Amino acid sequence: MKSPILEVRHLTKRFGSNEVLKGVEFSVEKGDVICVIGASGSGKSTLLRCINMLEMPSSGEILFHGEDILSRSISIPEYRSKVGMVFQNFNLFYNMTALKNCMVGIRRIRKKDKASAQSTALGYLEKVGMLPFINAKPRQLSGGQQQRVAIARALAMEPELLLFDEPTSALDPQMVGEVLSVMRTLAKEGLTMIIVTHEMSFARDVATHVVYMEDGIIWEAGTPEQIFQSPQRQETRDFLERFMSG
């Protein structure tokens, strides 16, 4: 029996009196592509930020290969090198070229020499179709190109799990397809991913599991067929009807 890469147990997150996550639980196995859907404000992005330790959970456990990452003995930079994240707004270093953006983590966190870091970075920039732009700085790139560089930067750390926080939400419609195409390829290659997304057709076609969140709670989880064709919860049905009509 396979053991999960990641287990989230009874996870809560409060900001003052506002409880954003209310006992969230799920697990991730190698090769899973989990798409998290739900309305804005349902806690999806906060969940990813807790998993990546950008936000400290209020209570609960996050187990990575069975070890609680909330333990003080865990090195957060080392953990993040294994559980990467791609953000809505790219979060690139604007004073660095695309190539240097992809090299910086390899050099600083993985302690690779310059030649090795450059070779790895070039390989992943080629993978996302950005090899012709390695000397461009972010301001010289379109939003879609910046996001592809951000994906290459995350891949260059060779993580076991990659988190995507609405990676197309800041893009013009014509740029969404180029980013989703890269992500579809990664899914086909077996990369383990958790993706917060409003792209329902992508979730339906690519996910191995879909999680519907509302008001800080996972209301329903299942295969894409179960969630999109025969949801069991009225909350899920209402959301999908609102989304499709919208």
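The values are calculated or read from the model by the stated rules, or taken from the named source; none is laboratory data. Remember, it's a predicted structure, so these values are computed and weren't measured experimentally. All Cβ positions, even for glycine, are placed from backbone atoms using ideal geometry, and neighbour counts span all protein chains on display.
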Check: Restricting the search to the range 92-129, which residues are among the polar types (S, T, N, Q), surrounded by 15 or more Cβ atoms within 10 Å (Cβ to Cβ) and in contact with a helix residue (DSSP H, G or I) (Cβ under 8 Å, 6 or more places away or on another chain)?
Finding: 101, 118, 120
Margin query: Looking at the range 137-195 only, could you name the residues that are under 12 Å from the mean Cα position of the chain (by Cα), assigned to a loop (DSSP other than H, G, I, E, B) and of a type outside the set (D, E, K, R)?
Written below: 159, 167, 168, 191, 192
Next item on the list: Report, by residue number, each residue of the range 130-145 that is crowded, with 16+ Cβ neighbours inside 10 Å and of a type in the set (A, V, I, L, M, F, W, C).
Entry: 130, 133, 134, 136, 141
Note to self: With the requirement that a residue be free of Cβ contacts under 8 Å to residues at least 40 places away in the same chain and in a helix (DSSP H, G or I), what does the range 105-115 give you?
What the structure shows: 107, 108, 114, 115
Margin query: Quick test of your reading of the structure: residue 84 fulfils all but one of (1) in contact (Cβ under 8 Å) with a residue 60 or more places away in the chain; (2) surrounded by fewer than 14 Cβ atoms within 10 Å (Cβ to Cβ). Name the failing condition by number.
Written below: (2)
Notebook entry, point to check: Looking at the range 16-45, which of the residues that are under 12 Å from residue 166 (Cβ atoms) and not in a loop (DSSP other than H, G, I, E, B) is farthest from the chain's Cα centre (by Cα)?
Noted result: 37
Checklist line | Residue check, residue 118 out of contact with any strand residue (DSSP E or B) (no Cβ under 6 Å at 6 or more places or on another chain), part of a helix (DSSP H, G or I) and modelled with pLDDT under 95 | finding: no
Next item on the list: Assess whether residue 187 counts as being touching a strand residue (DSSP E or B) at 6+ places or on another chain (Cβ under 6 Å), closer than 23 Å to residue 229 by Cα, surrounded by fewer than 23 Cβ atoms within 10 Å (Cβ to Cβ) and not charged (D, E, K, R).
Entry: yes
Checklist line | Residue ID - nearest to the chain's Cα centre (by Cα), chosen from residues in the range 49-66 that are in a loop (DSSP other than H, G, I, E, B) and surrounded by 14 or more Cβ atoms within 10 Å (Cβ to Cβ) | finding: 52
